[in-house]
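Q: My structure is below; once you've seen it, I'll send some questions.
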Amino acid sequence: KKKIAVMTSGGDAPGMNPAVRAVVRAGIYYGCDVFAVYEGYEGLVKGGDLLKPIGWEDVRSYLSLGGTAIGTARCAEFRERAGRLQGAYNMIVNGIDALIVCGGDGSLTGADLFRSEWPSLVDELVSSGRLTAKQVEPYRHLTIVGLVGSIDNDMSSTDATIGAYSSLARITEMVDYLDATAQSHSRAFVVEVMGRHCGWLGLMAGVATGADYIFIPERPPPADQWASELKKVCSRHREKGRRQTTVIIAEGAIDNQLNPITAENVKDVLVDLGLDTRITTLGHVQRGGTAVAYDRLLATQQGVDAVRAVLELTPTDPSPMIGIAENKVVRRPLMEAVKLTKEVAKSIDARDFDRAMQLRDSTFAE
Ligand code: ATP
């Protein structure tokens, strides 16, 4: 009987619980024993109560539960071989040889490294006398399947990561609230949104709310021009009769090493225009709350496919990442997706950016 472990790792994202539910129930449906690893890789390293069987009933109400109920953590020990050796030991003594990880690119890289090292880890467990050759015999190969859980939508090879649309919906709702009060007082708001190195959340929220201006890391504005450009655009919108000004700034634009633009910098420019300006950092509300329907569907379909992949993969197949492309669940080589993510980042169509800007007034152009 196949024993599969499921884990959430890295930053939490709405939809992780539905993903765990899908893995648990599909696993049971296909005749497997399913284990939950609590607290991300920490659970693998520590074992004991952090690595235990999970049943059909245990994931009841997970569909509408935000965050991740089995916990997540950043685990420094797993970055070291000694931590991974202990993880291999804990898996083998529990009879587990397949791991489904829902997390970001770091978590998935760790999972693939674990798999590539697995044979040597097993050998070491035998040579050091911790396990016998007979004990490890059925566990010579480790199967890894990745599900991408991240609010940032920053993974290549999939159209959407689990959690991104929930976070986008929350940001959109929050900006709508700010717009209402901004309009009442004819104020300006600089709204800081999450996304780390990826501007997807900032850009899409800007399009969805009709923001006056959007700063994203994929399009760093020229250092000597952005302030005058921002002034020009916001004044034009005001002249057209707009009573509020909303500028969205993605955290990746702030962290940009070459040309960091902070919310304070943007505020100074708007104040200079004579606007009563406030900064709102949305913060962790962007990660919280229940998943939108799309993320629940994505997590459910992908979680089921992750289990099927575990059952179908042969030892020579590369570890897959379950993604979505053109509304179809797809399997892509995990490390290729990670590599692409690092090389080109998630592609953002610059035309989306332009259209978002131009719809505010009459300068819309192809
Ligand atoms: P997020 O996108 O939310 O940051 P992430 O999965 O990229 O998610 P990381 O902090 O990079 O988040 O990774 C989560 C955990 O995965 C780490 O704390 C560590 O335990 C493990 N991990 C990450 N990278 C590696 C690696 N190269 N080798 C081994 N383990 C790793």
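The values are calculated or read from the model by the stated rules, or taken from the named source; none is laboratory data. Only a predicted model underlies this, so the values are computations on that prediction, with no experimental measurement involved. Because the Cβ atoms are built from the backbone with ideal geometry, glycine has one as well, and the counts that use them run over all protein chains shown.
Q: Do we find a residue being away from the ligand (no atom under 14 Å from the Cβ), touching a His at 6+ places or on another chain (Cβ under 7 Å) and not basic (Lys, Arg) anywhere in the stretch 114-122?
A: No, the stretch 114-122 contains no residue that is away from the ligand (no atom under 14 Å from the Cβ), touching a His at 6+ places or on another chain (Cβ under 7 Å) and not basic (Lys, Arg).
Q: May I pose another question? Tell me, which residue of the stretch 164-197 that is small (Gly, Ala, Ser) and in contact with a helix residue (DSSP H, G or I) (Cβ under 6 Å, 6 or more places away or on another chain) is nearest to Gly110 (Cα to Cα)?
A: Selected residue: Gly195.
Q: Could you tell me whether the stretch 55-75 includes any residue that is away from the ligand (no atom under 15 Å from the Cβ), among the polar types (S, T, N, Q), outside any strand (DSSP E or B) and under 25 Å from Val285 (Cα atoms)?
A: Yes, some residue in the stretch 55-75 is away from the ligand (no atom under 15 Å from the Cβ), among the polar types (S, T, N, Q), outside any strand (DSSP E or B) and under 25 Å from Val285 (Cα atoms).
Q: Return the residues of the stretch 1-42 that are in a helix (DSSP H, G or I) and within 16 Å of the ligand (Cβ to nearest atom); say none if nothing qualifies.
A: Matches in the stretch 1-42: Met16, Asn17, Ala19, Val20, Tyr41, Glu42.
Q: Tell me, yes or no, whether the stretch 117-127 has at least one residue that is surrounded by 18 or more Cβ atoms within 10 Å (Cβ to Cβ), acidic (Asp, Glu) and touching a Lys or Arg at 6+ places or on another chain (Cβ under 8 Å).
A: no
Q: Please enumerate the residues belonging to the stretch 240-270 that are hydrophobic (A, V, I, L, M, F, W, C) and exposed (fewer than 13 other Cβ atoms within 10 Å of the Cβ).
A: Matches in the stretch 240-270: Leu258 only.
Q: Going through the stretch 43-53 one residue at a time, which ones are surrounded by fewer than 23 Cβ atoms within 10 Å (Cβ to Cβ) and either within 16 Å of the ligand (Cβ to nearest atom) or closer than 18 Å to Asp97 by Cα (or both)?
A: Within the stretch 43-53, Lys46, Gly47, Gly48, Leu50, Lys52, Pro53 qualify.
Q: Against the definition (surrounded by 21 or more Cβ atoms within 10 Å (Cβ to Cβ) and among the charged types (D, E, K, R)), how does Arg187 come out, yes or no?
A: For Arg187, the condition - surrounded by 21 or more Cβ atoms within 10 Å (Cβ to Cβ) and among the charged types (D, E, K, R) - is not met.
Q: Right, here's the next one. Which ones in the stretch 128-152 are surrounded by fewer than 24 Cβ atoms within 10 Å (Cβ to Cβ) and farther than 21 Å from Ile96 by Cβ?
A: Passing the criteria: only Gly129.
Q: Those residues that are closer than 27 Å to Pro315 by Cα, within 14 Å of the ligand (Cβ to nearest atom) and modelled with pLDDT of 95 or more, I need them from the stretch 143-161; list them, please.
A: Listed by number, the residues that qualify are Ile144, Gly146, Leu147, Val148, Gly149, Thr161.
Q: State all residues of the stretch 254-272 that are touching a residue at least 60 places away in the same chain (Cβ under 8 Å) and not basic (Lys, Arg); if no residue qualifies, say none.
A: Listed by number, the residues that qualify are Ile254, Ala263, Val266, Leu270.
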